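What follows is a single structure, written as structure tokens, with notes after it.
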Amino acid sequence: MRCFSCYMSEEKKPEKSLKKSIQEYEDTRAFASFTNISLKTESSRKRYIAEEIEKYRKGNIAAQIFTFNELSVATQKFNPKNLIGEGGFGRDIAVKKLDRNGFQGNREFLTEILILSLLHHPNLVKLVGYCADGEQRVLVYEYMQNGSLEDRLLDISLNQKPLDWNTRMKIAVGAARGLEYLHEKANPPVIYRDFKASNILLDESFNAKLSDFGLAKLGPTGGKNHVSTPVIGTYGYCAPEYAATGQLSTMSDVYSFGVVFLEIITGRRIIDNSRPSEEQNLITWAQPLFKDKKSFHLMADPLLGGDYPEKALYQALAVAAMCLQEEATIRPLISDVVTVLEYLSTDKSQKESEEDDDKDNNEDDDEEEDNDEEEEKEEEEEGSRRSS
Ligand SMILES: Nc1ncnc2c1ncn2[C@@H]1O[C@H](COP(=O)(O)OP(=O)(O)OP(=O)(O)O)[C@@H](O)[C@H]1O
Ligand SMILES: [Mg+2]
């Protein structure tokens, strides 16, 4: 079981700062070789992991190194009463104790530290430090006041206020910018591979930050558009071609973005076994509705109470549908998605949508007037027919 806890403390400043970008490049190269390692025996793997951890300990990783004892004292022996979401103020650190031992767990732990030490962006969660004492593996992050998108969108309790339309668009654009940074600014590109509602964290102003980089993978180089790798990820969020063939590309992340964006619009989980069988898979439920514009309003989360700009709903659903296309090569680039979402989350889009609504209403009024005139004319004619 993973344990998440928080403790109150003054955030310690990292002792080592990241050196120049050239050094970052060297590290990324080391990371490239690391993430592609395949060692035959368990003992050689263990030795390799131990050496890697030691290297990062001595290296230029910005994250602070904690001892297990320090974290244990700070979190009262990882006491469940400190678990995130159980109240408390002034927290600024989230502590995650990994329980996945063995090679895969260690690899994810190191990948997480490397990615978050080398890549920095307002839409990626910050890693404050880590602990790798003996068999213990603990990660310490900045604390995100509003928990995850899953908490705020899909798991909300009756006394919680549902997210309004604008906040939903703000979250979507923030998460998309995080992906854009990984795909298009990081060099070599990074495929996130674990884009899902529980990994999108929200700060006090609902800025979205991506978390959990343990499954991240360096993108293809040398003109290729995918890397081949065993399928891991979360069922439902995985792109069909990756699930079927193990071919992973940045477009696999775009598909997962489409799934989460559809969850944001509809308030439905990708897989929800509590619904009637034909509605349990969100994509299967949505596909026929995507084909008919008249059905679009049926897809808006009922918790929005109808309070959304109609045109923006249409455009948002069009973006989701494009990201969810079976054929990976025709999905949009995440930077194109960011451009559309930035527009959708601006006042300009809202105003245009309101104007369109007004126009529609006026047209309706005009139509009614025309109808009235026609009816009057018909009545007159009818009257004159009767009298003649
Ligand atoms: N930095 C953080 N600040 C505040 N809450 C956090 C933070 N990181 C995670 N959480 C909370 O802890 C929950 C569990 O996160 P965790 O990453 O352990 O599991 P998960 O994302 O649900 O599943 P997975 O194990 O597949 O990643 C999140 O849904 C969120 O509510
Ligand atoms: Mg997670």
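Couple of notes before you dig in:
- In Hz, Karplus ³J(HN,Hα) per residue of the stretch 301-311 (6.51, -1.76, 1.60; θ = phi - 60°; x = Gly, Pro): 3, x, 5, 6, x, x, 8, 8, x, 4, 5
- Rg followed by Dmax, in Å, when the stretch 149-349 is reduced to its Cα trace: 16.2, 53
- Loop-resident trypsin sites (Lys or Arg not before Pro) (DSSP state other than H, G, I, E or B) in the stretch 140-225 with no more than 11 further Cβ atoms inside 10 Å of their Cβ: 224.
- Annotation: average projected area of the stretch 167-216 is 3.4 square nanometres, based on the convex hull of Cα atoms across all directions.
- For the listed residue pairs 185/224; 185/217; 126/224; 291/311, the alpha carbons are over 20 angstrom apart in 126/224.
- Of the GluC sites (Glu not before Pro) found in the stretch 96-163, those that fall in a DSSP loop while having at most 10 other beta-carbon atoms within 10 Å are 135.
- Built amide H within the under 5 Å cut-off of residue 191, gap 5+: 217, 218, 219
- D by Stokes-Einstein for the stretch 221-273, Kirkwood Rh over Cα pairs, 37 °C, 0.692 mPa s: 275 µm²/s.
- When restricted to Cα atoms, the stretch 101-211 yields an Rg and a Dmax of 15.2, 47 Å, respectively.
Bear in mind these aren't lab numbers, they're just calculated from the coordinates by the rules spelled out. As the structure is a computational prediction, the values presented were derived from the model and not from experiment. Note that each Cβ is placed from the backbone with ideal geometry, even for glycine, and that neighbours are counted across all protein chains shown.
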